[in-house]
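Worksheet: one structure, shown below.
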Amino acid sequence: MSSANCTIEGYDVPSGTMLLVNAWAIHRDPKVWDDATSFKPERFENGEGNGHKLMPFGIGRRTCPGASLAQRIVSLTLGSLIQSFEWERVTTKEVDINEGSGITMPKAMHYKKTRAIAAFFLAAFTKNGAIAYL
Ligand code: HEM
């Protein structure tokens, strides 16, 4: 919410206006990222994500207070899954990762093996115990 009249990129914004940051667009902007829509995790090794280009947890006063916890849990979970299971492709076809519409960005095409994936996670949490220490 703008606390005073201001001008952003030439647009006059009156006080009390609700402003939404389009993080989705910023994260895919070719003016901001090299080869913007390619999945290149290595781009973050050389500090390309520094500054406020990458904001999965928001920024500013209302930034996500769980960011540090979430980053640790996600890496630990992923690392545990990779370490504890043998992984193989079930098809040579590329997985369709197109986005559907919705607030939490659902997939356009759901995974076909949903039940198998659910069973897999259940097994990971119960029998294997590999990530029980989470
Ligand atoms: C990968 C996991 C997570 C993502 C991507 C995420 C992302 C976000 C985003 C984008 C916001 C809004 C920030 C803004 O308005 O600028 C937010 C807010 C918030 N998040 Fe998270 N979050 C995650 C995990 C967590 C966890 C683990 C916790 C708590 C343990 C948490 C607690 C909160 C709270 C309380 C807010 C509201 C903060 C406020 O409005 O002042 N989040 N999160």
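Taking θ as phi - 60° and the Karplus parameters 6.51, -1.76 and 1.60, the scalar couplings of region 37-44 work out to 9, 8, 7, 9, x, 5, 5, 8 Hz in sequence order, x denoting glycine and proline. Here's how it looks for Val13: its modeled amide H is under 5 Å from those of Cys6, Thr7, Ile8, which are all 5 or more places away or on a different chain. Karplus-based coupling profile of region 12-29, in residue order and whole Hz: 7, 10, x, 4, x, 8, 7, 10, 10, 8, 8, 4, 4, 5, 4, 6, 10, 7, with θ = phi - 60° in 6.51 cos²θ - 1.76 cosθ + 1.60 and x standing for Gly or Pro. Annotation: amide H-H contacts under 5 Å for Lys107 (H modelled 1.01 Å from N, sequence separation of 5 or more, or interchain): Gly100. Each residue was assigned an accessible area with a 1.4 Å probe, and for Val74 the value is about 90 Å². For region 1-114, the share of accessible area belonging to carbon and sulfur comes to 57 percent (1.4 Å probe, ligands and nucleic acids excluded).
The values are calculated or read from the model by the stated rules, or taken from the named source; none is laboratory data. All of these numbers come straight from a predicted model, not from anything done at the bench. SASA here: full protein model, heavy atoms, side chains in, ligands and nucleic acids out. Shrake-Rupley method; radii C 1.70, N 1.55, O 1.52, S 1.80 Å.
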